[in-house]
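Here the structure comes first, spelled out in structure tokens, and everything after it is commentary.
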Ligand code: SF4
């Protein structure tokens, strides 16, 4: 029996886990004490089921023509085919004809190597990743106000010890399940939990106060709460004077958000608005945490900014047991956005259009700074332009499933089909891999070393617990082999994670996210290392003045207002059993037993209006397409809103409906709101042919 101390492969909690490999080949997992917690949710407990899953890919697959099926091939043949397709694309369309699409679940080493591969081996400006769909609005707002984007600038454990917590658009109990105990500890210790969410989720049901706002109205709520704080003398004037700048314009702007108006926009009663502000403003310590709810909007950056403004006005960031933070969702949502997967960034959070940054990174990479391409475009823009003039004609996808996870997914599927060539690196045949010309089977978490940066900015080491199955290679090996076929020197792309991490350290040195002082040895002991320190902003912010910057923001309605043919609001989100596009968790029998199919949650009164009963198949339609799920009737959702989780493909793909309208700053799509109608109902009981 061999026991390996490592971490869960799924969400940004990165819970400590022991992988136990028995002599007979059986593999199991156990929770391991890490950062003060010893817990796994059901996704973590079942993670090992995927290692020997019958659908696991263990040989490359090649399609000889688009109408031919994928067939097994040797690695040599598959890699040769990819390299030949890239070179053909270069000849026809130039370097920018080839693009790369990465993922927020990749280890830091792989994310770094993918960014380097795009800039050095492919010399394309077109690289972005699915983290653009998750955290980019919070990143943009944090950079604007604090000069630095670290999701949580303090340890997560602080949450249990604050006096009042405003949680905006986070169903933490299902998205970061092992953090739920912190909320319970907070409330048990006399603290107040305020949850702003259109649904009475498992998280909202724990709350002292639930603000059940309309989808897309979050910024009006933020400005309204600040309006009340100003009017009722709850500001921390000393903090504003000493640690911030530019408050006056915000004070003027929020004058228009009087409570009655905010109640009309958000649906949150004035009394609840006032109670929320007083709970926050009168507590001895308080926090504001945002997540995908306010971020995944066409005004996501400004919406997060509104809540940062509130936190600053109450004097919270940088104070003991207090602060503002964003709750990252994907396993390496934090690290994955720091080291070069984003279209506009080089490792260490360096800007790709910064001359000094280019020079530093080019020196580490041993290339001419002028050979590095400039900034590309954001994830949806990259996908939307595939196969068109000016867009990429060949795409390499790693650790992502945009055919399910991108908004307006039917359009994305069409664009994937329009590519001259698609290569996907994945352990399973995801919906995107099914469309590929070449599929390369790669390692899973327990088969390789690598570092992850959890939602606190804590860099942790994930250890290989067992060898990869025959026929499977690591993403680092794949990138190295492809780079060599494309003319890179043999040592330009190391395949050992430790060597890549050391190089990442040199490339990030001096950047905002500087990993240069870390090593596998230093990370192997203890609970990991916070980049930038355990608590940042205690003395100064990362702006030139050292002060946090207020920024005046105004609410705008979502791009699609419900009405006419599409009278309802659709919002999307997660369920406890599944992770992201479900490529892994939909293949895990125990998780499927808990949540097998897509569903549509709607209020019983709305259901009655449409003759819908529990379990009926409900077809929703938006301006982009139709999707279906089994009806789940719940009084926990607003009457004007329906909810679909986004973990399924096929007809249950919620993103067939969602609106790709982009935030102007972060380029994040408006996943959290679009206008829909109930288009059709198929009764669960076939004898009930006509809805009642
Ligand atoms: S909370 Fe997240 S990291 Fe922890 S076991 Fe569950 S899925 Fe894994």
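Look at the range 79-106 and say how many of its residues are in a loop (DSSP other than H, G, I, E, B) and in contact (Cβ under 8 Å) with a residue 12 or more places away in the chain.
4
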Item to complete: Could you run through the range 163-179 and say how many residues are touching a helix residue (DSSP H, G or I) at 6+ places or on another chain (Cβ under 6 Å) and within 13 Å of the ligand (Cβ to nearest atom)?
Response: 3
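Considering each of 272, 284, 354 in turn, give the residue that is without any contact (Cβ under 8 Å) to a residue 60 or more places away in the chain, surrounded by fewer than 24 Cβ atoms within 10 Å (Cβ to Cβ) and over 19 Å from the mean Cα position of the chain (by Cα).
Going through 272, 284, 354 in turn, the sole match is 354.
Taking residue 393 as the residue in question, decide whether it is touching a helix residue (DSSP H, G or I) at 6+ places or on another chain (Cβ under 6 Å) and either loosely packed, with under 13 Cβ neighbours inside 10 Å or more than 23 Å from residue 512 (Cα to Cα) (or both). Walk me through how you get there before you give the answer.
On the way: touching a helix residue (DSSP H, G or I) at 6+ places or on another chain (Cβ under 6 Å): yes; either loosely packed, with under 13 Cβ neighbours inside 10 Å or more than 23 Å from residue 512 (Cα to Cα) (or both): yes.
Criteria met by residue 393.
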Item to complete: Could you check, for the range 317-328, whether at least one of its residues is over 20 Å from residue 182 (Cβ atoms) and assigned to a loop (DSSP other than H, G, I, E, B)?
Response: yes
Worksheet item: When you scan the range 504-541, how many residues do you find that are in a loop (DSSP other than H, G, I, E, B), touching a residue at least 40 places away in the same chain (Cβ under 8 Å), under 24 Å from the mean Cα position of the chain (by Cα) and surrounded by fewer than 22 Cβ atoms within 10 Å (Cβ to Cβ)?
Response: 6
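Please verify whether the range 107-116 includes one or more residues that are at pLDDT 95 or above, buried (at least 21 other Cβ atoms within 10 Å of the Cβ), in a loop (DSSP other than H, G, I, E, B) and within 16 Å of the ligand (Cβ to nearest atom). Talk me through it step by step, then tell me what you get.
Step one: of the range 107-116, the residues at pLDDT 95 or above are 107-116.
From the residues that got through so far, the ones that are buried (at least 21 other Cβ atoms within 10 Å of the Cβ) too are 107-116.
Within this subset, residues satisfying the condition of being in a loop (DSSP other than H, G, I, E, B) are 107.
If we keep only those that are within 16 Å of the ligand (Cβ to nearest atom) as well, we get 107.
Yes - at least one qualifying residue is present in the range 107-116.
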Worksheet item: Quick one: residue 367 ticks every box in (1) part of a helix (DSSP H, G or I); (2) over 30 Å from residue 258 (Cβ atoms); (3) touching a residue at least 24 places away in the same chain (Cβ under 8 Å) bar one, so which box is it?
Response: (1)
Item to complete: Please state which of the following conditions residue 92 fails to meet, knowing it meets all the rest: (1) under 19 Å from residue 493 (Cβ atoms); (2) surrounded by fewer than 24 Cβ atoms within 10 Å (Cβ to Cβ).
Response: (1)
Discussion item. Which numbered condition in (1) farther than 22 Å from residue 138 by Cα; (2) within 15 Å of the ligand (Cβ to nearest atom); (3) crowded, with 22+ Cβ neighbours inside 10 Å is the only one that residue 192 fails?
Written reply: (2)
Item to complete: Looking only at the range 59-78, decide whether some residue is in a loop (DSSP other than H, G, I, E, B), under 21 Å from residue 430 (Cβ atoms), at pLDDT below 95 and touching a helix residue (DSSP H, G or I) at 6+ places or on another chain (Cβ under 9 Å).
Response: yes
Item to complete: Just name the residue that is nearest to residue 178 (Cα to Cα) out of those in the range 1-54 that are within 11 Å of the ligand (Cβ to nearest atom), touching a residue at least 60 places away in the same chain (Cβ under 8 Å) and in a strand (DSSP E or B).
Response: 37
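The values are calculated or read from the model by the stated rules, or taken from the named source; none is laboratory data. Computed from a prediction, not measured in an experiment: that's the story for all the values here. Please note: Cβ atoms are built from the backbone with ideal geometry, for glycine as well, and neighbour counts cover all protein chains shown.
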